[in-house]
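Working notes for the structure below.
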Amino acid sequence: MTLSIATSRFCVNRKIAPNLSIERFFNLVTQLGLNKVELRNDMKSGRVTDDLTGEEVNALARQSGIEIVTINAVYPFNQLSEDLLQRTRQLLSDAQAVGAASLVLCPLNDGTPISAAETVTALQTLAPLFADYGIQGLVEPLGFPQSSLRSAALAQTLIKEAGVPFRLLIDTFHHHLYEDAEKAFEQGVDVQQIGLVHLSGVTDPRPVAQLTDEERIMLSADDRLRSKQQVEQLEKRGYTGLYAFEPFSSVMNNWQEEEIAREIRNSIHLLNHSA
């Protein structure tokens with residue numbers, strides 16, 4: 001299948017450029033002919049905006065023609081505590097200040113079970129905070145064996161049960177890790193409720209259950225996640241939203257700007273051209 005995904009539908013997560021300042025990151029993205037990014041709260045500075053204010057990042061984005069799609073992420077959203085609520089409010093404030101449209105919510109991922117009822121309660125507790133700040137919530141199931149919410153279908157069911165306006169974030173890495181993902185997807189996921197799709201690739205040969213974020217690189221013809229094929233299925237099912245490149249490996253600590261740009265171009269070319 002040959003795709004023709006418009007440039008306007010691609011987004012770049014800041015995780016790919018851990019050594020670039022926000023300004024240099026924005027410049028790199030625009031030089032690629034792209035205009036959408038994701039910011040994070042787990043970069044080296046420990047802050048979404050590094051040493052800048054939210055207003056300064058907002059101004060840089062506007063000057064560069066950059067749209068900040070999300071901030072990653074509230075964790076663990078489904079284990080409520082006063083600390084979590086405080087951190088969520090801060091991230092919502094950050095999102096509002098920089099002009100981000102959405103904030104990602106990730107579930108507990110340490111092997112501690114969290115019931116469906118607890119997750120629903122968490123969603124219902126957090127939703128009014130998101131509404132207060134005018135920020136969209138995106139729930140991202142994590143496919144790791146120890147994750148408390150692995151299934152996109154279940155996540156969508158719990159969002160509906162909670163009666164909140166949150167949407168799904170699908171990640172091709174986590175979709176691949178969850179062994180029942182495709183079956184559950186066919187039976188219960190409405191692609192119209194997907195707010196964003198994260199893309200990465202894996203070539204490491206270790207068993208699927210042993211894969212970690214460290215193995216996540218960019219897309220390639222040898223990608224074990226079959227991210228290209230996952231995208232093809234999403235497109236067939238009617239998905240028309242954004243795709244964000246989100247590799248995680250520490251190898252990117254050594255990438256120069258030209259390498260980052262080449263990897264992004266190659267991944268877009270791979271998606272839009274037949275093998």
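Structure above, values below:
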{"item": "Region 57-98: number of residues that are within 16 Å of ASP42 (Cα to Cα) and touching a residue at least 12 places away in the same chain (Cβ under 8 Å)", "result": "14"}
{"item": "Residues within region 112-128 that are surrounded by fewer than 20 Cβ atoms within 10 Å (Cβ to Cβ) and either in contact with a strand residue (DSSP E or B) (Cβ under 9 Å, 6 or more places away or on another chain) or not in a helix (DSSP H, G or I) (or both), tallied", "result": "5"}
{"item": "Qualifying positions in region 103-121 - among the aliphatic types (A, V, I, L, M) and over 20 Å from the mean Cα position of the chain (by Cα)", "result": "ILE114, ALA116, ALA117, VAL120"}
{"item": "Filtered residues of region 237-266 (kept if among the charged types (D, E, K, R) and touching a residue at least 40 places away in the same chain (Cβ under 8 Å))", "result": "ARG237, GLU246, GLU257, GLU263, ARG265"}
{"item": "Qualifying residue in region 14-31 (condition: modelled with pLDDT of 95 or more and on the phi > 0 side of the Ramachandran plot)", "result": "no"}
{"item": "Count - residues of region 219-241 that are of a type outside the set (Gly, Ala, Ser), open to solvent by 30 Å² or more (accessible area, probe 1.4 Å), at pLDDT 95 or above and not in a helix (DSSP H, G or I)", "result": "4"}
{"item": "Selection count where residues are open to solvent by less than 70 Å² (accessible area, probe 1.4 Å), of a type outside the set (Gly, Ala, Ser) and part of a loop (DSSP other than H, G, I, E, B), scope region 242-265", "result": "5"}
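The values are calculated or read from the model by the stated rules, or taken from the named source; none is laboratory data. Everything numeric in this text was worked out from a predicted model, so none of it was measured. Positions of Cβ are generated from backbone atoms using ideal geometry, with glycine treated the same way; all protein chains shown enter the neighbour counts. Protein only, heavy atoms only, side chains kept; ligands, DNA and RNA dropped before computing areas. Shrake-Rupley method; radii C 1.70, N 1.55, O 1.52, S 1.80 Å.
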